[in-house]
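A.B. asks: Here you go, one structure.
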Amino acid sequence: MTSMRRAFSLVELLLAVFILGIGIIGISALFPVGIVQQRQASDDIMGPIVADNAMAILRLKLDPKWFGGYEDFGQSDFVMLPTGVPSLALGITIPGDWRWKRPGSLFSDLGNTAVNELGAIDIFSGLYSSKQMGGSLGSAVNMSKAGNESPDGDAGGGAGAALYGLPYNRSLFDPQYSPFLPVDTHADTVPVVVVTQSERSYPQPGTAGQGFKKPAYYWDCMFRRFEGRVQVAIFVYRIVSGGESRPYTVAQGAVPINAATPPLPLSIIPAAPWTAGGFDGNPNTAIDNATVPGTAAAATGNPVDLTAEQSWQYPGQWIVDQYGTVHRGIGGRRNTREGPVTLTRPIPSHPALPSLFGFGANGSPTGLNTSIRAIWFLPGIDAAGVSIVPVYATVQEL
């Protein structure tokens with residue numbers, strides 16, 4: 001007599017499939033997390049590499065001696081407010097020094113020069129300056145004068161001279177200021193240093209015969225003169241579209257980003273100054289020293305503006321303040337119900353140095369408000385609506 005084997009019932013089969021499905025769902029949920037972590041790890045590794053590459057390009061193209069002071073042009077330093085209005089109060093420093101300034105930006109290429117102006121930056125706004133002063137260098141360049149953050153026009157008398165960009169060393173480039181240069185070359189002796197959009201991508205696109213290397217990272221920069229030395233702030237970022245990196249060209253600013261300033265990096269005056277000691281302003285209560293004032297969670301969950309001024313509050317942001325300190329956000333908020341914004345390190349205080357706060361009437365430092373009142377960062381979306389992922393920021397000496 002043969003024994004009969006009992007087969008699986010339909011209920012048992014369905015139960016096994018259900019259990020297997022739960023396991024597969026659990027495993028598949030790990031893949032997006034792993035991809036995000038892998039992307040973050042790649043950004044953490046590549047950010048400093050791209051920044052060092054950017055500094056190498058700038059040091060190859062620039063000499064610190066080429067930078068001058070606003071005093072040589074009969075003008076004063078100031079910080080540009082988000083509305084495009086200058087603030088002298090935020091620009092007080094010692095003579096010869098000046099606060100963070102962004103280079104001029106070019107937004108179109110007519111194809112009649114050896115340089116591709118589309119998306120390029122002109123460190124001293126030399127092309128525009130030449131055009132405005134009757135020279136030939138910028139006469140055929142269709143550009144938008146953006147971000148020179150300097151007073152326009154001629155200041156009459158004395159040391160006054162036209163300045164349309166970052167202050168350059170007049171003793172090296174201006175024949176009306178230096179006896180070593182011919183007078184008839186004045187209009188075309190403003191230093192022209194252009195960094196193309198291609199040079200600000202990493203890896204740089206290949207030339208003909210080398211194939212096209214799709215850039216994964218981009219960088220922008222700004223400059224300041226501190227105690228006679230030129231410093232550079234480099235912002236590294238990644239552009240995403242549908243979750244993937246994409247070729248990119250920087251777009252011209254628009255409302256609410258002022259159209260007369262470059263879109264990257266964006267500068268704002270926080271509604272609440274950042275004070276050492278965090279929320280309560282007391283460094284002795286260490287628990288809140290790394291929290292940013294004015295970012296406490298609210299009862300409602302209104303979204304934080306992604307496009308411009310408020311996206312500095314997003315987690316993972318890189319921020320540079322007016323003192324040249326780099327901040328990294330670890331706890332942020334995407335709506336007002338979240339908060340506060342928390343930094344990786346406590347908000348620092350600063351010594352009473354004239355180079356930070358300027359001179360008073362008696363020669364002592366003045367304006368000793370050590371709070372952070374101006375910050376620069378990369379907005380979550382640029383002027384063309386392209387998503388930006390901040391990767392790294394650093395401040396180095398040129």
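The values are calculated or read from the model by the stated rules, or taken from the named source; none is laboratory data. Fair warning: this is a prediction, and the values are worked out from it, not measured in the lab. No Cβ is skipped: glycine too gets one built from the backbone with ideal geometry, and neighbour counts run over all protein chains shown.
A.B. asks: Do you know which of the residues in region 326-360 that are in a loop (DSSP other than H, G, I, E, B) and among the small types (Gly, Ala, Ser) is surrounded by the most Cβ atoms within 10 Å (Cβ to Cβ)?
C.D. replies: Of region 326-360, the ones in a loop (DSSP other than H, G, I, E, B) are 332-334, 336-341, 344-353, 358, 360.
Going one step further and asking which of them are among the small types (Gly, Ala, Ser), we end up with 332, 339, 349, 352, 358, 360.
Values: Gly332: 21, Gly339: 19, Ser349: 11, Ala352: 11, Gly358: 18, Gly360: 13.
Here the residue is Gly332.
A.B. asks: Looking only at region 95-109, count how many residues are more than 17 Å from the chain's Cα centre (by Cα) and among the aromatic types (Phe, Trp, Tyr).
C.D. replies: The initial filter retains those residues of region 95-109 that are more than 17 Å from the chain's Cα centre (by Cα), namely 95-98, 107-109.
In the following step, the residues that additionally are among the aromatic types (Phe, Trp, Tyr) were identified as 98, 107.
Total meeting the criteria: 2.
A.B. asks: On to the next question. Check Leu60, Leu81, Leu88 and return the single one that is modelled with pLDDT under 95, surrounded by fewer than 19 Cβ atoms within 10 Å (Cβ to Cβ) and within 23 Å of Ala120 (Cβ to Cβ).
C.D. replies: On the way: Leu81 fails: within 23 Å of Ala120 (Cβ to Cβ); Leu88 fails: within 23 Å of Ala120 (Cβ to Cβ).
Result: Leu60 is the single residue among Leu60, Leu81, Leu88 that is modelled with pLDDT under 95, surrounded by fewer than 19 Cβ atoms within 10 Å (Cβ to Cβ) and within 23 Å of Ala120 (Cβ to Cβ).
A.B. asks: Mind checking which pairs have a first residue in region 384-395 that is in a strand (DSSP E or B) and a second that is of a type in the set (Gly, Ala, Ser), Cβ under 6 Å, 6 or more apart or different chains?
C.D. replies: Val391/Gly47; Tyr392/Gly47; Tyr392/Ala51; Thr394/Ala51; Val395/Ala233; Val395/Gly324
A.B. asks: Filtering region 354-371 down to residues that are more than 21 Å from Ala233 (Cα to Cα) and among the aliphatic types (A, V, I, L, M), which residue is modelled with the lowest pLDDT?
C.D. replies: Here is the first cut: in region 354-371, the residues more than 21 Å from Ala233 (Cα to Cα) are 354, 358-369.
This time we only want the ones that are among the aliphatic types (A, V, I, L, M), so: 361, 368.
Numbers: Ala361: 58, Leu368: 54.
Ranking the candidates gives Leu368 first.
A.B. asks: Cβ-Cβ under 6 Å, sequence separation 6+ or interchain: first residue in region 325-349 and at pLDDT below 85, partner of a type in the set (D, E, K, R). Which pairs?
C.D. replies: Hits for this filter: Gly339/Arg333.
A.B. asks: Let me ask something else. Checking Pro315 against (1) surrounded by 15 or more Cβ atoms within 10 Å (Cβ to Cβ); (2) out of contact with any His (no Cβ under 9 Å at 6 or more places or on another chain); (3) at pLDDT 85 or above, which test does it fail?
C.D. replies: Every listed condition holds for Pro315 apart from (1).
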